[in-house]
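Participant: Can you read through this structure? Questions will come right after.
The values are calculated or read from the model by the stated rules, or taken from the named source; none is laboratory data. None of the values given here were measured: they were computed from a predicted structure. Methodologically, a virtual Cβ is constructed for each residue, glycine included, from the backbone with ideal geometry; neighbour enumeration extends over all protein chains shown. Just so you know, the surface numbers come from the protein's heavy atoms only, side chains and all, with ligands and any DNA or RNA stripped out. Shrake-Rupley method; radii C 1.70, N 1.55, O 1.52, S 1.80 Å.
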Amino acid sequence: QKEVEQDPGPLSVPEGAIVSLNCTYSNSAFQYFMWYRQYSRKGPELLMYTYSSGNKEDGRFTAQVDKSSKYISLFIRDSQPSDSATYLCAMKKGQGAGGTSYGKLTFGQGTILTVHP
Amino acid sequence: DTAVSQTPKYLVTQMGNDKSIKCEQNLGHDTMYWYKQDSKKFLKIMFSYNNKELIINETVPNRFSPKSPDKAHLNLHINSLELGDSAVYFCASSLRPTTDTQYFGPGTRLTVL
């Protein structure tokens, strides 16, 4: 079983829809949670970065972390065709983890999203 | 200006050859990483250097050897290439290893024939 599970999709929605993307994880040592967006044949770019549980909003994007359920979500409001990409969740252990975990990002498989006009 | 750059962008080579991929960052970061993304888009860390010191060395075949000549550069040398090495290799950097955001390069698409 992978440490981070993410449904690869693909997910297809009409323009203007609310998109919900999710990841579950098994390691309670994860403290930092990220969402990256990756366009075809490009490198991942950071969308959202949160520490521990709670919500964070940035424009049309909202990230939620529920550490008790080991579940994170990314919501995209008013989705646009330009949002079509692969969305990767990623997690990192806290500073106390040290050793070989030092800075290591563990990624989900990525969800392929298509927003059609 | 490109923050994290990689060369080459595409690399097609025969099995058994040796090849190198270069990475440079102009962000002034102390930490750099190599990731491998397979055909199913699964991204997995291979190595990390902090101030030219190796701090992460995942279970990667010995044929892969990273080298960091200075804080701004991290190269990846691969000996005796195998079909299974075909993937996209991403370099990334962050200010520090623990709490800071990692910025990714554009990737090097390696195809081994």
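Participant: Please note which strands (runs of 3 or more DSSP E) are completely contained in the range A:8-117 and include at least 3 residues that are under 20 Å from B:Met46 (Cα atoms), within 14 Å of chain B (Cβ to nearest Cβ) and of a type outside the set (A, V, I, L, M, F, W, C).
Facilitator: Working: elements: A:11-14, A:19-25, A:30-38, A:45-51, A:54-58, A:61-66, A:71-76, A:85-93, A:111-116.
Answer list for the range A:8-117: A:30-38.
Participant: Hey, another quick one. If I filter the range B:55-113 down to residues being open to solvent by 60 Å² or more (accessible area, probe 1.4 Å) and of a type in the set (A, V, I, L, M), which single residue comes out as farthest from B:Gln37 (Cα to Cα)?
Facilitator: Among those residues, the one meeting the criterion is B:Leu95.
Participant: A further question on this structure: Among the hydroxyl-bearing types (Ser, Thr, Tyr) and assigned to a strand (DSSP E or B): is that true of B:Ser93 in this structure?
Facilitator: Criteria met by B:Ser93.
Participant: Right, something else. Out of the residues in the range B:64-113 that are among the acidic types (Asp, Glu), farther than 17 Å from B:Phe42 by Cα and touching a strand residue (DSSP E or B) at 6+ places or on another chain (Cβ under 8 Å), which is farthest from the other protein chains (Cβ to nearest Cβ)? Break it down stepwise before answering.
Facilitator: In the first step, residues of the range B:64-113 are kept if they are among the acidic types (Asp, Glu); the result is B:70, B:82, B:85, B:100.
Applying the additional criterion that residues be farther than 17 Å from B:Phe42 by Cα yields B:70, B:82, B:100.
This time we only want the ones that are touching a strand residue (DSSP E or B) at 6+ places or on another chain (Cβ under 8 Å), so: B:82, B:100.
Details: B:Glu82: 23, B:Asp100: 8 Å.
My answer is B:Glu82.
Participant: Being at pLDDT 95 or above and open to solvent by 80 Å² or more (accessible area, probe 1.4 Å) is the requirement here; does B:Tyr10 meet it?
Facilitator: Yes; evaluated as a whole, the condition is true for this residue.
Participant: Okay, next question. Looking at A:Ala90, is it of a type outside the set (Asp, Glu) and surrounded by fewer than 18 Cβ atoms within 10 Å (Cβ to Cβ)?
Facilitator: no
Participant: Could you pull out the residue among A:Arg77, A:Arg37 that is under 19 Å from A:Val115 (Cα atoms), modelled with pLDDT of 95 or more, among the charged types (D, E, K, R) and in contact with an Asp or Glu (Cβ under 9 Å, 6 or more places away or on another chain)?
Facilitator: Details: A:Arg77 fails: in contact with an Asp or Glu (Cβ under 9 Å, 6 or more places away or on another chain).
Exactly one residue qualifies, and that residue is A:Arg37.
Participant: Is it fair to say A:Tyr39 is of a type in the set (Ser, Thr, Tyr), under 28 Å from B:Val88 (Cβ atoms) and touching a Ser or Thr at 6+ places or on another chain (Cβ under 9 Å)? Give the steps one after another, and end with the answer.
Facilitator: On the way: of a type in the set (Ser, Thr, Tyr): yes; under 28 Å from B:Val88 (Cβ atoms): yes; touching a Ser or Thr at 6+ places or on another chain (Cβ under 9 Å): yes.
Answer is yes for this residue.
Participant: OK, next. Quick one: what pairs do we get from the range B:48-60, first residue facing another protein chain (nearest Cβ under 7 Å), second part of a loop (DSSP other than H, G, I, E, B), C-beta under 6 Å, 6+ apart or different chains?
Facilitator: Partner pairs satisfying both residue conditions: B:Ser48/A:Gly103; B:Ile55/A:Tyr102; B:Ile56/A:Lys104.
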